[in-house]
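Everything below concerns the one structure shown next.
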Ligand SMILES: Cc1ncc(COP(=O)(O)O)c(C=O)c1O
């Protein structure tokens, strides 16, 4: 079969509209159809499209210099961006290593964790524990620690072994328990795996604070991360949180882990960091880790040609300035509560919906138990034709069950846009229910 263009698209048989432009919370195709960006693309366009201040900041930087190589120069924008990220981060997470994608950010965090133990003189700590249903990226290293079954299944023979614990997935609890009566067996399982694998071999545990692409905004119960961190500390294991999707204000706090008041050792960032204006991502590293490496080799063995790209750094810095100046994180917390109240009403009105959950502007809708598969994609298609963009969430495969979508609009969503989003979502669910009635 010949493809219909030279671009290899995600699904060969699908026809993708040609985008014309983006403005605010809308994207437009070349036929003039408007799409309300109900998922910020890939939970990325956090301040909406076509913001003139960001474009101006990139142009200003391009007029100075677009590219410098990190082993030859640093730039004012990269310095300022790192300082800003450190000021957003909790505790002693002070230092920033720039990369270009979320996959690179999590993989770099893993490498830094291994390097930390080696340079501290602790030999043998090389295993990375992770969690089923987590997603940390598509490169081999980040995929090895990803429990997103459909994305990893083809490459399993090449992936390093990463012992995984079950997800804190209350809607379909893998332990058949229910919170608050349970004793958090999902957190206690970490201790079992640590003891089984041997803490002397374990460098770090990595997870998404709120499970995004795989689980549809699965929010672990209260005290879950306090217990996880306690176990990591007790057994001498670094705690890496992957805030690629949840970070930079998306959940109504700077970072999702802040909801639990826990300070990790490393944070991986991407996506919303530059809100899609230019590719840039980062690993934030605690002072304790940097101290050990600076007293040892004095360099982190990672990096890419485009690391700390000045034009991308200028874009990210402008995005974060806009978020701060307009107090968008506080607004996301407030508007997120409103959105969740409305999604609960939608759940009541649609028997097909089994659960709604999330924090801030990272909300998940999960279908109940149905024979039919592919409901996420079918809902997304229906919403798309009505002019609403939604994001798929279905990484549990048949083992954990569950299919859903993410609703994650830009932080700049106004009340009238929210009304349009909810009305189109309601309509798309009704259309899907009609379809299911007719087989
Ligand atoms: C939590 C999380 N980590 C890592 C990644 C990988 O980021 P990227 O696609 O930028 O490589 C993603 C992408 O969806 C993600 O959701």
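The values are calculated or read from the model by the stated rules, or taken from the named source; none is laboratory data. Computed from a prediction, not measured in an experiment: that's the story for all the values here. Cβ sites come from the backbone with ideal geometry, for glycine too, and all protein chains shown count toward neighbours.
Observations on the model:
- Only residues that are within 16 Å of the ligand (Cβ to nearest atom) and in contact with a helix residue (DSSP H, G or I) (Cβ under 6 Å, 6 or more places away or on another chain) were counted in region 44-67, giving 2.
- Number of residues in region 213-243 that are away from the ligand (no atom under 14 Å from the Cβ) and either outside any loop (DSSP other than H, G, I, E, B) or under 19 Å from residue 202 (Cβ atoms) (or both): the value is 16.
- Extreme residue, nearest to the ligand (Cβ to nearest atom), among residues of region 257-271 that are assigned to a helix (DSSP H, G or I) and under 17 Å from residue 286 (Cα atoms): 257
- For region 138-176, residues that are closer than 22 Å to residue 403 by Cβ and either within 14 Å of the ligand (Cβ to nearest atom) or in a loop (DSSP other than H, G, I, E, B) (or both) total 16.
- When residue 354 is tested against (1) assigned to a strand (DSSP E or B); (2) not assigned by TED's automatic domain parsing to the domain that holds residue 409, just one condition goes unmet, and that condition is (2).
- Only one entry of 246, 251 meets the criterion of being under 21 Å from residue 148 (Cβ atoms), more than 12 Å from the ligand (Cβ to nearest atom) and surrounded by 20 or more Cβ atoms within 10 Å (Cβ to Cβ), and that entry is 251.
- Number of residues in region 101-116 that are away from the ligand (no atom under 11 Å from the Cβ) and either surrounded by 22 or more Cβ atoms within 10 Å (Cβ to Cβ) or in a loop (DSSP other than H, G, I, E, B) (or both) equals 5.
- Filter result (touching a strand residue (DSSP E or B) at 6+ places or on another chain (Cβ under 8 Å), in a loop (DSSP other than H, G, I, E, B) and within 16 Å of the ligand (Cβ to nearest atom)) within region 277-302: 280, 302
- The strands (runs of 3 or more DSSP E) falling completely within region 1-80 that include 2 or more residues that are surrounded by 14 or more Cβ atoms within 10 Å (Cβ to Cβ) and within 26 Å of the chain's Cα centre (by Cα) map to 26-29, 34-36.
So that you can scan it fast, the table gives a plain yes or no per residue for (1) assigned to a helix (DSSP H, G or I); (2) exposed (fewer than 15 other Cβ atoms within 10 Å of the Cβ); (3) more than 16 Å from the ligand (Cβ to nearest atom):
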| site | (1), (2), (3) |
| --- | --- |
| 131 | no, no, no |
| 181 | no, yes, yes |
| 192 | yes, yes, yes |
| 204 | no, no, no |
